[in-house]
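Scroll down for the structure; my scribbles are underneath it.
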Amino acid sequence: MLYQWAANALNNYVPLEADDISGLLEIPPSPEMGDMALPCFVLAKSFRKAPQEIARSIAEAFSHPHMTAAAAGPYVNLTFDREHYGGMMMDELAQEKVPQTGKGIKAVIDMSSPNIAKPFGIGHLRSTMIGAALYNMHKLAGYDVVSVNHLGDWGTQFGKQIAAYKRWGNDDLLAADPIGESLKLYVRFHEEAEHDDTLEPEAREWFRKLEEGDEEARALWTYFVNVSMKEFDRMYGRLNVRFDYTLGESFYNDKMPAVVKALKEKGLLVESDGALVVRLDDEGMPPCLILKKDGTTIYPTRDLATAIYRHDVMKADRILYVVGNEQRLHFQQVFAVLGKMGMDWADRCTHLPFGLMKFEGKKMSTRRGKIVKLEDVMDEAVERALAIINEKNPGLEQKERVAEAVGIGAIIFGDLKNHRLNEVDFSLEDALNFDGETGPYVQYTYARTQSVLAKGAAGKDGAADDAGTGEYTAAAAHLGDSGWELLKLLTRFPEQLERGVRSGEPSVLARYALDVAQSFNQFYNKERIVTDETSVRKARLRLTQLAGRTIARTMGLLGIQTPERM
Ligand code: ARG
């Protein structure tokens, strides 16, 4: 709203539409300079003057009942009349409106997508957390958004899995540690296959049977899928993540022949060493493998069928893939093949890559012995959170529940505060530091807003109520400088959401949550909120309430809970 007000006020002095002016506006680097700044560089052409001179002449001519202007070099700095605007800002904030930029647009988000009978990897964790945040952000911005967990539940490895199980499988061990045991079988298969030539053909035969719908093969496959899902679901439950669809690669098994046929008809398939590929020389990429020598399909083939299904059947206008950066080429190839097939919507498929994450310097690896188990990391985070709570606030009610929210929140925030392409070296100690740039710090600040409000409500008619309109107008002048800065920051929520959605970056919102928390703490330290003067107290409590709501809302988008007490 500040942008709009400033743009309207400048409209008489600048030969541009208000919307364009709004797009140029900046926030001055320090609050003493003003509330909004217009850089005059782009105006130099139409004014035929130097930016400094333009700024000076605009500032001189400027006259407005509730704003003042001053030139600072090539900038016009505007200062708002707090009394006039403050109450309006609070009233508008209370409505929690967000521009519905995604209205009428259907977005499918491909996220999490772990592999059956393999450990849930760190990449899958990042994909789950980033994907869930993007899902919430798109939803709030008005998109018709659908999440899909694209399970890795198909491929020749399942033939190996079944063959190994038939030889050495032990149901008790599998029940006790489904994924660990599945993995052991898989590893053993490879070890023994080195000196046992009968294993590979056996595995191929099982996969062939599976693809043809053989009952026993299907039953064993289902068993592996179910035990893995049980473990994955435990993790999703703790992360509070749900999917609209869980459609694994197997779902596209019967949809691939049509893709292969279409590729053939368009003359795009060529032979290469017995396999069939689509050449991508013109695109400067290596060929995309479609059918292996033995005629079986592979990962890219399944992704082609998947994308077409999402467009044709799910009616997706946009498809977002939240998948690690190491698959960049894969997605470029898949999108390029779609383009070659004449799918004009291929450019509305977007790979949103992310970097590696390490735990305390240790890499996650699915190779034997080197696995950092994610559930162990979660347990440890919660345990440490509980220890901190026991130290800080031993009398707290429902400590276990709060510790779960803080521990898990620390992990999610520790990831999402980073630009997604950055590599994250995750340290539990840092992530749980209540004074750092962390989830617990933001959560703690939220709890502080709630205890201030409770204290305010306990005092003489001090509660911040929702009624509002105009009531706080005069008092908005008494928020203090820090309160005014906080209020302005709160009005920027819609802008941050839009930026986050546009760039596919939850970190924009995580940073915003930190900024709001810091700004509130400054206000809290500088101003007495629960003062004796009713109108001032009410305005300050109202601001506290709005800050709390903004924090809770932003953290909610990131998939992080905000306990009322900590
Ligand atoms: N299961 C894959 C893996 O773990 C990720 C799948 C990502 N999504 C997709 N549509 N390819 O590497």
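Per residue, the Cα convex hull of the stretch 477-554 amounts to 71 Å³. Per residue, the average separation of C-alpha pairs within less than 8 Å and at least 6 apart gives the stretch 374-558 a relative contact order of 25 percent.
Relative to one another, the C-alpha centroids of the stretch 492-537 and the stretch 66-129 are positioned 12 Å apart.
The phi-based Karplus calculation (6.51 cos²θ - 1.76 cosθ + 1.60; θ = phi - 60°) puts the 3J(HN,Hα) values of the stretch 239-249 at 7, 6, 10, 10, 10, 6, 9, 10, 10, x, 4 Hz, whole numbers, x for Gly and Pro.
3J(HN,Hα) along the stretch 111-125: 8, 6, 6, x, 9, 5, 6, 10, x, 5, x, 5, x, 5, 5 Hz, from the Karplus curve 6.51 cos²θ - 1.76 cosθ + 1.60 with θ = phi - 60°, whole Hz, x for Gly and Pro. Note on the chain: dipole from Cβ charges, positive end direction compared against TRP5, LEU428, LEU289; the farthest Cα belongs to TRP5. Peptides 185-195, 400-410, 162-172 ranked from most to least packed by the mean count of surrounding Cβ atoms within 10 Å: 400-410, 162-172, 185-195.
The Cα center of the stretch 318-338 and the Cα center of the stretch 148-215 differ in position by 28 Å.
When the square roots of the Cα gyration tensor eigenvalues are ordered a ≥ b ≥ c, the ratio a/c for the stretch 155-236 is 1.5 or more and a/b does not exceed b/c, which makes its shape oblate. All C-alpha to C-alpha distances of the stretch 195-247, sorted into 5 Å bins beginning at zero, yield P(r) values of 4, 17, 16, 17, 14, 13, 10, 6, 3, 0 percent in whole numbers. A DSSP coil position with no more than 15 other Cβ atoms inside 10 Å describes the following trypsin sites (Lys or Arg not before Pro) in the stretch 46-112: ARG48, LYS49, LYS97, LYS103.
Could you list SER228, SER427, SER63 in order of exposure, starting from the residue whose Cβ has the fewest other Cβ atoms within 10 Å? Starting with the residue having the fewest Cβ neighbours, the order is SER63, SER427, SER228.
Across the stretch 1-148, the mean sequence separation of Cα contacts (distance under 8 Å, 6 or more residues apart), normalised by length, yields a relative contact order of 17 percent. Mean separation of Cα pairs under 8 Å and 6 or more residues apart, divided by the residue count, gives the chain a relative contact order of 15 percent. Taking amide hydrogens as placed 1.01 Å from N in the peptide plane, the amide H of ALA316 sits under 5 Å from those of HIS311, each at least 5 positions away in sequence or on another chain.
Diffusion of the stretch 54-151 by Stokes-Einstein, at 20 °C in a medium of 1.002 mPa s and with Rh set to the Kirkwood radius over alpha-carbon pairs, works out to 119 µm²/s.
Provide the percentage of antiparallel DSSP beta bridges, counting only those with both residues in the chain; round to the nearest 5.
Numbers: 20 of 39 bridges.
Approximately 50 percent, going by the DSSP bridge assignments.
Regarding the stretch 147-196, what's the average projected area of the Cα-atom convex hull, expressed in nm²? Each step should come with its number before you reach the end.
Working: hull surface 16.9 nm².
The Cα convex hull of the stretch 147-196, projected and averaged over all directions, gives 4.2 nm².
Of the options ALA133, TYR75, PRO394, report the single residue whose Cα projects farthest towards the positive end of the charge dipole of the chain (beta-carbon charges: Lys, Arg +1; Asp, Glu -1). Toward the positive end, the furthest listed residue is TYR75.
Here the stretch 1-60 was treated as a single set of alpha-carbon atoms; its pair distances binned every 10 Å from 0 give 23, 57, 19, 0 percent.
With N set to the number of residues, divide the alpha-carbon radius of gyration of the stretch 222-380 by 2.2 N^0.38 Å and report two decimals.
Numbers: Rg = 18.3 Å, N = 159, 2.2 N^0.38 = 15.1 Å.
The stretch 222-380 yields a ratio of 1.21.
Between Rg and the Kirkwood Rh of the stretch 374-558, both from Cα atoms, what is the Rg to Rh ratio?
Details: Rg = 17.5 Å, Rh = 17.4 Å.
On the Cα set of the stretch 374-558, Rg over Rh gives 1.01.
Seen from every direction in turn and averaged, the convex hull around the alpha carbons of the chain projects onto 31.6 nm². Solvent-free Debye calculation, one equal scatterer per alpha-carbon of the stretch 306-442: log10 I(q)/I(0) at 0.19 Å⁻¹ equals -1.02.
Computed from the coordinates by the stated procedures, all read-outs in this text should not be read as laboratory data. Everything numeric here is computed off the predicted structure, so don't read it as measured data. Note that we place each Cβ from the backbone using ideal geometry, even for glycine, and neighbour counts take in every protein chain shown.
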